[in-house]
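Take a look at the structure below.
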Amino acid sequence: MPPRRLSALLGTAVLALVPAMSGCSPDSASSGAPSASPSSAASESDAAAEKALERLAGMSVEEKIGQLMVLLAEGTTAEESTDLVSTYNPGGLIYFPENLSGARQIARMSNGLQRTAAESGAGVPLFLGIDQEQGMVSRLPVGTRFPDAMAVGATRDTAHAEALAAATAEELTALGINLDYAPVADTNTNPDNPVIGIRSFGSDPGLVAEMATAEAAAFSEGGVVPVVKHFPGHGDTDVDSHTGLPVIDKPRTEWEKEDLPPFRAAVEADVDAIMTAHVLMPALDDSGEPSTLSPDVIGGVLRDEFGYDGIVTTDALNMEGVRQTHSDGEVAVRAVLAGADQLLMPPDPQAAFEALRGAVRKGRISTERLDRSVLRILTAKAERGLFGAEPADAADARAAIGTKEHRAAARALAEDSATLLRNEDGVLPLAQGATVSVTGSGAEEIGAGLEELGYTVTADPGSADAAVVGTLSARGDAEQLSLVSAARESGTPVVVVAQGTPYDIADLGAVDGYLATYSAVDASRAAAARVLAGEVSPSGRLPVGVPGTDLGFGDGLSY
């Protein structure tokens, strides 16, 4: 897509026009906007800008406010969300697993929702979004499951990032979903981070920037709006913003070095949307407000300093990190005043709507400010072809997802990401035909993979030639640590397959082998079995350093 710069749309002439648009007809708005005669071959972005301006001119204040809101879809049919769409005319809806059961059902619901939107208010199509990062954050009950972002980082190969996003975009499009709250651009520098971890590409900001922009570009190329998250960075936190307000107390120079580069790269790539984080960063704003509500962070840093003109969306407004000191209605108003364009999942839509309408009526939110956000949203929808888009083919949706090609791409990523960090006395690869005990996280899938390769699998480490123990972020987990200790006490060589963050190795004691897959999806567990057996040589390299060990960024062994 051609670059979309709001400054190009809101030039001097347009700025003079936009505040008065509520009383203009579509024709008069069109004549005042930058236009191109048929002979001038207007670009796609010019055409999208004109369409957005025309639609904006005919919208009421209430319809404009609706575009700022992204609400939770209700039920599993379009009919169950009809009142929601017709009442608020929202800019979008977001799906969660409780809304989804199968490919045909999802496609039909998406189509029905778009029909309802077309028949409501100003007839603006919906952003239908989902958190489909892949790996641990995957909302779809169908389709291809790729490993987590940290596995992508371990490959050092942007082709894997592009393949993941391209396949995901193709499957989302088949289901009528046109926006994905991905990729994560947080640099995971805190091993104790409870909410990011393997959702991040790693601890090196250059690697994260490279992978995040590659994914975002592939999503865009596939017709899905990517939402890069969570600005100004959620990678150095030890509090989950779903349950509290994380405080990142570091100097600005350190933030610029560690957290900023991926987001600066996203801005330079002109990505469609960036999501804010509910974090408190005193070096950027010492007011005590989380970044989502901070004019200094959104308007000052992201907009003014770095020149970002795309859509800024909040993280979910039902999270406790943004509900510490204001009512839900006031949170919505303050987010817009801070510079946000879309409000994700306000917990009380009516309260948010009424508060926003009151703020506009009283002049607290100016008409020009409201129109800027709505114009960004409408322009993105026009650029992505949402106006007049063909409905998803519900009959063929199932055949378009989980294809052989997509599964092969997931397998290749899983195999290329496997990182061998310890291999004492050559315990790996396992001797052909050996008896192997397999316990812990993923034992069923890893064990099945080993059996297919000719191994005898048991659950008893004492009767085995080697003991494989699967872990899933075992730091501080007494049950998982106990399982590893029991295997060690059996006297059998112990190999840990870490399917969460690789930091576990510092707490597991003298295990003989340690293989990191950075993901618990089936593809990663199947790849682990092939690596353990020597069918695949591990080629992944650590995308993070591991405190308490001599393992650093870039380490990894091979056969």
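Residues checked against (1) open to solvent by 10 Å² or more (accessible area, probe 1.4 Å); (2) of a type in the set (Val, Ile, Thr):
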{"position": "Ser81", "(1), (2)": "no, no"}
{"position": "Gly91", "(1), (2)": "no, no"}
{"position": "Pro97", "(1), (2)": "yes, no"}
{"position": "Gly102", "(1), (2)": "yes, no"}
{"position": "Ala122", "(1), (2)": "yes, no"}
{"position": "Leu128", "(1), (2)": "no, no"}
{"position": "Ser138", "(1), (2)": "yes, no"}
{"position": "Thr155", "(1), (2)": "yes, yes"}
{"position": "His160", "(1), (2)": "yes, no"}
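Does Val457 meet the test of being at pLDDT 95 or above, out of contact with any Lys or Arg (no Cβ under 7 Å at 6 or more places or on another chain), within 17 Å of Gln432 (Cα to Cα) and crowded, with 24+ Cβ neighbours inside 10 Å? If you could, list the steps in order and put the result at the bottom.
Values: at pLDDT 95 or above: yes; out of contact with any Lys or Arg (no Cβ under 7 Å at 6 or more places or on another chain): yes; within 17 Å of Gln432 (Cα to Cα): yes; crowded, with 24+ Cβ neighbours inside 10 Å: no.
Spelling it out, it is not the case that Val457 is at pLDDT 95 or above, out of contact with any Lys or Arg (no Cβ under 7 Å at 6 or more places or on another chain), within 17 Å of Gln432 (Cα to Cα) and crowded, with 24+ Cβ neighbours inside 10 Å.
Being small (Gly, Ala, Ser) and at pLDDT below 95 is the requirement here; does Gly339 meet it? If you could, list the steps in order and put the result at the bottom.
Working: small (Gly, Ala, Ser): yes; at pLDDT below 95: no.
So Gly339 fails the test.
Which of the helices (runs of 4 or more DSSP H) found entirely inside region 339-418 contain at least 1 residues meeting this: of a type in the set (Phe, Trp, Tyr)?
Values: elements: 349-361, 367-383, 397-400, 404-417.
Hits in region 339-418: 349-361.
In region 341-359, which residue that is open to solvent by less than 10 Å² (accessible area, probe 1.4 Å) and either touching a helix residue (DSSP H, G or I) at 6+ places or on another chain (Cβ under 6 Å) or among the β-branched types (Val, Ile, Thr) (or both) is nearest to Glu54 (Cα to Cα)? Explain how you work it out, then say what you get.
Pass one, region 341-359, residues open to solvent by less than 10 Å² (accessible area, probe 1.4 Å): 341-344, 352, 356, 359.
Narrowing the set further to residues that are either touching a helix residue (DSSP H, G or I) at 6+ places or on another chain (Cβ under 6 Å) or among the β-branched types (Val, Ile, Thr) (or both) leaves 341, 343, 352, 356, 359.
On the way: Asp341: 19, Leu343: 24, Ala352: 26, Leu356: 23, Ala359: 25 Å.
So the residue we want is Asp341.
Of all residues in region 489-508, count the ones that are crowded, with 17+ Cβ neighbours inside 10 Å and in a loop (DSSP other than H, G, I, E, B).
First, pick out the residues of region 489-508 that are crowded, with 17+ Cβ neighbours inside 10 Å: 492-505, 508.
Going one step further and asking which of them are in a loop (DSSP other than H, G, I, E, B), we end up with 492-493, 499-501, 508.
Here the count works out to 6.
Residue-wise test of (1) over 12 Å from the mean Cα position of the chain (by Cα); (2) of a type outside the set (Asp, Glu).
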residue	(1), (2)
Glu171	yes, no
Asn178	yes, yes
Pro183	no, yes
Thr189	yes, yes
Glu215	no, no
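What do you reckon, is Val511 touching a helix residue (DSSP H, G or I) at 6+ places or on another chain (Cβ under 8 Å), open to solvent by less than 10 Å² (accessible area, probe 1.4 Å), in contact (Cβ under 8 Å) with a residue 60 or more places away in the chain and outside any loop (DSSP other than H, G, I, E, B)? Before the answer, list the steps.
Details: touching a helix residue (DSSP H, G or I) at 6+ places or on another chain (Cβ under 8 Å): yes; open to solvent by less than 10 Å² (accessible area, probe 1.4 Å): yes; in contact (Cβ under 8 Å) with a residue 60 or more places away in the chain: yes; outside any loop (DSSP other than H, G, I, E, B): no.
So Val511 does not fit the description; no.
Under 9 Å between Cβ atoms, at least 6 apart or on separate chains: pull out the pairs that start in region 190-201 with a residue that is more than 15 Å from Ala161 (Cβ to Cβ) and surrounded by fewer than 23 Cβ atoms within 10 Å (Cβ to Cβ) and end on any residue that is modelled with pLDDT under 95 and aliphatic (A, V, I, L, M).
Every condition considered, the pairs that remain are Pro191/Ala506; Pro194/Val239; Val195/Val239.
Among Ala486, Ala520, Ala467, Ala474, which is in a helix (DSSP H, G or I) and either crowded, with 24+ Cβ neighbours inside 10 Å or touching a residue at least 24 places away in the same chain (Cβ under 8 Å) (or both)? Write out each step before concluding.
On the way: Ala520 fails: in a helix (DSSP H, G or I); Ala467 fails: in a helix (DSSP H, G or I); Ala474 fails: in a helix (DSSP H, G or I).
None of the others qualify; the one that does is Ala486.
Please determine, by comparing only the residues of region 360-391 that are over 19 Å from Val61 (Cα atoms) and of a type in the set (A, V, I, L, M, F, W, C), which one is most open to solvent (accessible area, probe 1.4 Å).
Once the filter is applied, the top-ranked residue is Ala389.
From the list Gly299, Gly288, which residue is surrounded by fewer than 20 Cβ atoms within 10 Å (Cβ to Cβ) and modelled with pLDDT of 95 or more?
Values: Gly288 fails: modelled with pLDDT of 95 or more.
Matching residue, one of Gly299, Gly288: Gly299.
Considering only residues that are open to solvent by 10 Å² or more (accessible area, probe 1.4 Å) and outside any loop (DSSP other than H, G, I, E, B), look in region 268-285 and name the one that is nearest to Gly235 (Cα to Cα).
Leu280
In this structure, does Leu542 turn out to be open to solvent by 30 Å² or more (accessible area, probe 1.4 Å), aliphatic (A, V, I, L, M), closer than 25 Å to Asn190 by Cα and in contact (Cβ under 8 Å) with a residue 24 or more places away in the chain? Write out each step before concluding.
Working: open to solvent by 30 Å² or more (accessible area, probe 1.4 Å): no; aliphatic (A, V, I, L, M): yes; closer than 25 Å to Asn190 by Cα: yes; in contact (Cβ under 8 Å) with a residue 24 or more places away in the chain: yes.
It is false that Leu542 is open to solvent by 30 Å² or more (accessible area, probe 1.4 Å), aliphatic (A, V, I, L, M), closer than 25 Å to Asn190 by Cα and in contact (Cβ under 8 Å) with a residue 24 or more places away in the chain.
The values are calculated or read from the model by the stated rules, or taken from the named source; none is laboratory data. Just so it is clear, the structure is predicted and the values come from calculations on it, not from any experiment. Reconstructed Cβ throughout: ideal geometry from the backbone, glycine too, with neighbour counts over all protein chains shown. Just the protein is used for accessible areas: all its heavy atoms, side chains included, with ligands, DNA and RNA removed. Shrake-Rupley method; radii C 1.70, N 1.55, O 1.52, S 1.80 Å.
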